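Following: one structure in C-alpha cells, then a few remarks.
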Amino acid sequence: MSKNRTIALVGPSLSGKTTLLENLLFVGGAISRKGSIKDGNTVADAAQEARDRQISTEVSAATLRHGEGSLTFLDCPGSIELAAEARNALVGADAALVVFEPDPTRATMMAPLMRFLADMDIPLIGFINKMDRANVQLRDLMPAIQDISPRPMVLAQVPIREGEAIGGYVDLISGHAYAYRDGASEEVPAPDSVEERKQQARTELLESLADHDDTLLENLLEDREPSEEELRAYLKTEIAANQVSPVFIGAAEFENGIRRLLDHLADFVPEAEAMAARRGIAPGDEPLAQVLKTYMTAHGGKVSLARLWRGALADGTVLNGMRVGGLYTMMGAQQTKIDRAEAGDVVGLGRLDDARTGDSLVAGNAPPDDPLARADDLPPVYAMAVSTEKRDDEVKLSTAIAKLIDEDPSLSVEQNPDTQEYVLKGQGEVHLQVNLARLRNKYGLTLTTRPPKVAYKEAIRKSVSQHGRFKRQTGGHGMFGDVHLDIKPLPRGSGFEFNNTIVGGAVPKQYIPAVESGAREFMVKGALGFPVVDVSVTLTDGGFHPVDSNEQSFKLAARLALSEGMPKCNPVLLEPICKVTISIPNDATAKVHGLISGRRGQILGYQAKPDWEGWDEIEAHIPESELHDLIVELRSLTQGVGWYSFEFDHLSEITGRLADDVLAHHAEEEDA
C-alpha cells in the first residue's frame with residue numbers, strides 16, 4: 001500500500017497557512033531555510049500576484065518525505081473570492097488540514113468550506129494557529145468551530161498557561177507535555193495546573209470516539225482506557241470514516257507544535273488507496289488521474305497538476321488522447337523532472353493542451369465513461385467591463401483571457417450582445433484584480449476597467465398609425481418607397497412582432513420583407529436610444545413606383561415611419577430585474593433585508609437554508625443596476641461568507657428621476 005498521501009491546507013486569509021507550510025517543509029527536511037511572506041520568498045507564494053498582495057492567489061503543491069512515504073501539501077488560497085481554487089484542489093486530497101484563527105468571531109468564515117468538505121466526504125484535521133497570543137480561550141473557540149462543522153470536532157491537545165501567556169501544551173494522545181521554546185518545543189513534565197483540564201479534554205476525546213465504536217464504549221464503561229497505540233488506531237479509523245475530527249494547536253511562525261503536528265498527519269491521514277476506494281475507484285493497474293489545477297508557465301507551457309489515484313505514469317503516456325510531454329514533481333513554482341509516478345502521487349503533467357481543471361484522465365484516446373466527482377462551478381457574482389489601453393493589443397486579449405480561464409475556471413468572459421462590452425466575470429473585485437495583474441505580468445496586457453453597462457430597453461405605452469415615404473431622384477433610376485404602419489404596444493415579454501394586412505398589391509410582395517427588415521433595424525435603437533421590445537408593427541397600406549421602387553427604398557421608408565411615429569407612442573424606459581437567491585447566516589438576515597430594500601429590491605420570501613443549520617435563504621427581485629457591488633456589501637455584513645446567485649427575470653418600467661439619470665448618462669456616453 002502506498003504511503004504517499006496528499007493534504008490540502010485550507011483556512012481563511014491571514015490564518016497562517018503559507019507560514020505553516022513553510023515550517024512543515026523545514027522541519028520535514030524538504031527545505032534548508034525558511035522563507036517569509038514579508039520577504040516574498042516562501043515556497044507556496046511564488047506568483048508575482050501573491051507576492052504583491054501578500055496573500056495566496058493560487059494552489060501550490062509541495063512534497064516532503066516522512067517515514068516510509070511522503071506527504072504532499074496543497075496550499076490553497078484563503079480568500080473567499082478564490083474559493084474555487086481550494087475546492088478544485090480538495091477533490092484530490094486524502095484529507096484537509098483546516099487552519100483556524102484563535103478568534104471565535106471569525107469561525108463563521110469557514111462555514112462554506114466546512115460544508116463543502118462534508119458534502120465531498122473529505123476527512124479533516126483541525127489546527128488552531130497563533131496560539132502564542134495571550135487572549136486565546138479555547139473554551140470559547142471550540143464551540144464556535146463545532147457550530148460550523150457537520151461532524152464532531154474534538155481537542156487532541158490542551159494549552160499550558162504561564163500567567164497570561166500560553167507556554168506549551170499537553171498532547172492528549174501521548175499524554176506528554178511540551179513547552180514552547182524559540183524555534184521548537186521540548187518535552188517537559190505536565191504542570192499540576194493543567195491536570196484537571198487535561199483529564200476533562202481526554203474524557204471528551206474518548207467519549208467522542210466511543211460514540212462510533214462499541215468496543216471502546218464497553219472499555220470506558222468498565223474504566224479501561226485505551227493505550228496510546230490503541231487510541232491512535234481508533235483515531236485513524238474514525239478520521240478516515242469522517243466520524244471525528246481532532247484539533248491540534250500551535251504557533252507556526254515560531255515552529256511551536258509543528259513537529260508533533262507533522263507526526264500526527266503522517267499517522268492519521270488516510271492512505272491514498274483507502275480514499276480511492278471511498279471515491280468508488282476500482283483497483284487496477286490502468287492509470288487514473290484527476291487534474292486539480294492548471295498552470296500556464298512562462299517557459300514550459302501548460303502544466304496540469306494532477307492526482308494519480310491508480311496505476312503508474314511515465315513521460316509520454318497517452319491520456320485522453322493527449323501525450324504527456326513532461327512529468328514533474330512540484331515544489332511551489334519549482335519543477336523537477338521525473339521518469340515515473342506511482343499511485344498516490346501529485347505530479348505536474350506537461351503539454352496536455354486540452355485537459356481542463358477537474359478532468360479525469362485515463363490511458364488511451366478517449367476520456368473515461370465514468371469520470372470522478374469534481375467541484376461544482378461557482379456562479380459569478382462580480383463583473384467588470386474591460387478593454388485594452390492599446391488598440392494593437394485587442395487581438396492578443398481574447399487569447400490571453402482564454403489562458404486565464406484555463407488556469408482559473410471560476411473566471412468567465414462574455415461579449416454582451418446588447419452593450420457590445422467585453423465583460424470579465426468572477427467571484428469578487430479581488431479575484432478580478434488578481435487576474436488583471438496576471439494579464440499584465442504574464443502577457444504584458446494592461447486593461448482599463450469600468451462597471452458593466454446595464455442592458456436597458458425601451459417600450460411604448462400607446463398605439464400610433466404613421467406614414468413614411470422615402471423618395472430620392474438623382475438622375476436615372478431613383479428611389480421610392482411608401483408605407484403606412486400601425487405601431488402598437490404588446491404585453492411585457494412578447495418581443496417584436498411584424499404583421500402585414502396589405503391587399504390589392506399596394507406594396508408588392510417582394511418588398512414586404514424589406515419593410516420588416518427596416519422595422520427590425522430601427523428596433524435596435526429606439527426613440528430613447530435603447531433597444532425596443534414588446535412592439536407590434538403592422539404594414540397596412542403603401543405605394544410604389546414601377547421603376548424607382550426597390551428593397552432598400554422600402555427598408556428606409558419603414559425606418560422613417562418608425563423614427564417619426566415612435567416618439568408619439570409615449571416611449572418608456574425598461575430596466576432588467578433579476579431573481580436573486582441569497583444565502584447567509586441567520587444572524588445577518590435582518591441586516592440583509594435592509595440591504596435588499598436599500599437597493600430597490602422586493603423580498604419574495606425567506607426560509608431556513610436546506611441542510612444548513614443556522615443559515616437562511618432569501619429570494620428577492622433586485623434591479624440589475626443594483627447588483628454590481630452587491631457582493632461587496634453582502635460579504636461585509638456576513639464576515640465574508642454570504643453569497644448569491646441570480647438570473648434574469650423580467651423587465652420593469654423605470655420612471656422619474658431614476659429614468660432621467662439613466663437617459664442623461666446615456667446621452668453623455670453617446671457624445672463622448
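The values are calculated or read from the model by the stated rules, or taken from the named source; none is laboratory data. Note that the structure is a prediction, hence the values are computed from the model and not measured. Cβ sites come from the backbone with ideal geometry, for glycine too, and all protein chains shown count toward neighbours.
Just checking, does segment 437-446 include any residue being in a strand (DSSP E or B) and not assigned by TED's automatic domain parsing to the domain that holds Q48?
Applying the first criterion (in a strand (DSSP E or B)) to segment 437-446 yields none.
Among the residues of segment 437-446, not one is in a strand (DSSP E or B) and not assigned by TED's automatic domain parsing to the domain that holds Q48, which makes the answer no.
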> Give me the pairs: first residue in segment 59-76 and without any contact (Cβ under 8 Å) to a residue 40 or more places away in the chain, second residue assigned to a strand (DSSP E or B), beta-carbon distance under 9 Å, and six or more apart or on different chains, which are they?
Replying inline: R65/L71
>> Against the conditions (1) of a type in the set (D, E, K, R); (2) assigned to a loop (DSSP other than H, G, I, E, B); (3) outside the structural domain of G300 (by TED's automatic domain parsing), where does D354 fall short? Just the number, please.
In response: (3)
> Within segment 8-41, can you find the residues that are part of a loop (DSSP other than H, G, I, E, B) and among the hydroxyl-bearing types (S, T, Y)?
Replying inline: S13, S15, S32, S36
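Of everything in segment 545-558, what is assigned to a helix (DSSP H, G or I) and surrounded by fewer than 19 Cβ atoms within 10 Å (Cβ to Cβ)? Give them in sequence order. Spell out how you get there, then give the answer.
Let us first name the residues in segment 545-558 that are assigned to a helix (DSSP H, G or I), namely 551-558.
Answer for segment 545-558, where residues must be assigned to a helix (DSSP H, G or I) and surrounded by fewer than 19 Cβ atoms within 10 Å (Cβ to Cβ): E551, Q552.
Quick one: would you say D392 is outside any loop (DSSP other than H, G, I, E, B) and free of Cβ contacts under 8 Å to residues at least 40 places away in the same chain? Lay out the reasoning, then the answer.
Details: outside any loop (DSSP other than H, G, I, E, B): yes; free of Cβ contacts under 8 Å to residues at least 40 places away in the same chain: yes.
In short, yes.
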> Do any residues in segment 615-628 that are not assigned by TED's automatic domain parsing to the domain that holds M114 have Cβ atoms under 8 Å from those of residues that are part of a helix (DSSP H, G or I) and modelled with pLDDT of 95 or more, where the two are at least six apart or on different chains, and which pairs are they?
Replying inline: D616/T589; I618/T589; I618/V592; I618/H593; I618/I596; A620/I596; I622/I596; I622/L630
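Going through G35, G28 one at a time, which residue ends up being over 20 Å from P270 (Cβ atoms) and touching a helix residue (DSSP H, G or I) at 6+ places or on another chain (Cβ under 7 Å)?
Values: G28 fails: over 20 Å from P270 (Cβ atoms).
Matching residue, one of G35, G28: G35.
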> Before we move on, is D94 without any contact (Cβ under 8 Å) to a residue 12 or more places away in the chain, charged (D, E, K, R) and under 23 Å from V247 (Cα atoms)?
Replying inline: no
>> Out of the residues in segment 514-552 meeting the condition of being out of contact with any helix residue (DSSP H, G or I) (no Cβ under 9 Å at 6 or more places or on another chain) and among the small types (G, A, S), tell me which one is farthest from S494 (Cα to Cα).
In response: G543
>> With the structure loaded, tell me whether A50 is surrounded by fewer than 24 Cβ atoms within 10 Å (Cβ to Cβ), in the same structural domain as R259 (by TED's automatic domain parsing), at pLDDT below 95 and not in a loop (DSSP other than H, G, I, E, B) or whether it fails that test.
In response: yes
>> Looking at segment 400-420 only, could you name the residues that are buried (at least 18 other Cβ atoms within 10 Å of the Cβ) and charged (D, E, K, R)?
In response: D406, E407, D408
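Please determine whether any residue of segment 529-544 is outside the structural domain of R151 (by TED's automatic domain parsing), without any contact (Cβ under 8 Å) to a residue 12 or more places away in the chain and not polar (S, T, N, Q).
Start the filter on segment 529-544 by keeping residues that are outside the structural domain of R151 (by TED's automatic domain parsing), which leaves 529-544.
Still in the list and also without any contact (Cβ under 8 Å) to a residue 12 or more places away in the chain: none.
Checking segment 529-544: not a single residue is outside the structural domain of R151 (by TED's automatic domain parsing), without any contact (Cβ under 8 Å) to a residue 12 or more places away in the chain and not polar (S, T, N, Q).
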> Would you call T63 within 17 Å of Q639 (Cβ to Cβ), among the hydroxyl-bearing types (S, T, Y) and surrounded by fewer than 24 Cβ atoms within 10 Å (Cβ to Cβ)?
Replying inline: no
> Hey, V318 hits all of (1) more than 20 Å from L372 (Cβ to Cβ); (2) at pLDDT 95 or above but one; which does it fall short on?
Replying inline: (1)
> If V592 satisfies every condition in (1) assigned to a strand (DSSP E or B); (2) surrounded by 16 or more Cβ atoms within 10 Å (Cβ to Cβ) but one, which is the exception?
Replying inline: (1)
> Here is a list of conditions, (1) surrounded by 15 or more Cβ atoms within 10 Å (Cβ to Cβ); (2) farther than 28 Å from N23 by Cβ, and A240 meets all of them except one; can you say which number that is?
Replying inline: (2)
>> Cβ-Cβ under 8 Å, sequence separation 6+ or interchain: first residue in segment 128-149 and small (G, A, S) and loosely packed, with under 13 Cβ neighbours inside 10 Å, partner outside any loop (DSSP other than H, G, I, E, B) and at pLDDT below 95. Which pairs?
In response: A134/A165; A134/I166
> Applying the selection to segment 560-592, what residues are more than 41 Å from the chain's Cα centre (by Cα) and among the charged types (D, E, K, R)?
Replying inline: E564, K568
> Counting just the residues of segment 473-514 that are among the β-branched types (V, I, T) and over 10 Å from V537 (Cα atoms), which one comes out nearest to the chain's Cα centre (by Cα)?
Replying inline: I512
>> Looking at segment 18-35, can you tell me whether even one residue there is among the aliphatic types (A, V, I, L, M), surrounded by fewer than 19 Cβ atoms within 10 Å (Cβ to Cβ) and within 27 Å of the chain's Cα centre (by Cα)?
In response: no
